[in-house]
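Read-outs throughout are calculated quantities, based only on the coordinates presented, and are distinct from any laboratory measurement. It should be emphasised that the depicted structure is a prediction, and the values quoted were computed from it without experimental measurement. Please note: Cβ atoms are built from the backbone with ideal geometry, for glycine as well, and neighbour counts cover all protein chains shown.
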Amino acid sequence: MFLLQYNPARHRVAGQVHPPHVPRASQEEIVKSGHRSRREIIQLAGTGVLGLGALQGGDSPRKRFYRDPTGTSPSLGVIRSGHLLFVSGVGGWYPSRGGQPGDIRKQTADALDLMKALLDGAGASMADLLQVQVALVDSDRNWEPMNEVYTTKVPEPRPVRSYFGCTGFGTPGQLVQIDAIAYAE
């Protein structure tokens, strides 16, 4: 495994070695401040490589699992690690919820309503979403109607989003699956 290691003793600014007696900012102070030196940017980049634990006080963040409050599926849930919430892939239709699969608009609305319930159970909301990934069956046909519903259910400023087409899911009739990352206090 490759680890990025920053050696502050070798950091040079305008040809000068950084004096060892100058106090260094902690990761928390770097994040809170608006000003970032090159050294601090490198430290933050290293934090990304070394993991959230370096940014959140040194210990590896613990995982806490929040179960699906609706009882739809045992595989649905949210994992919290530090301030981040990782929402499992939420399908557009589950036989356990009854009814027929419906079209892409209904499935998108159902999936986003279920995601809202999952986020609520973990202490967050749709406004806290940072990133969303959408998997669509027949994306050429289903993108526009999915996007129409998405824009009504996900508030501004919307999270970054990516999507990909797929040939199907384990549940016949399911047309969409959405997973996400959100921030929580």
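How do 140, 128 line up, fewest other C-beta atoms within 10 Å first?
140, 128
Neighbour counts of other C-beta atoms within 10 Å: give me 163, 150 arranged from fewest to most.
Details: 163 18, 150 21.
Neighbour counts put them in this order, fewest first: 163, 150.
Counting only other residues whose beta carbon sits under 12 Å from that of residue 97, what net charge do I get with K and R as +1, D and E as -1? Write out the running numbers ahead of the final one.
On the way: positive: 106; negative: 68, 110, 113.
Result for the local shell: -2.
Arranged by the count of other C-beta atoms within 10 angstrom, fewest first, what order do 104, 181 take?
On the way: 104 23, 181 16.
Neighbour counts put them in this order, fewest first: 181, 104.
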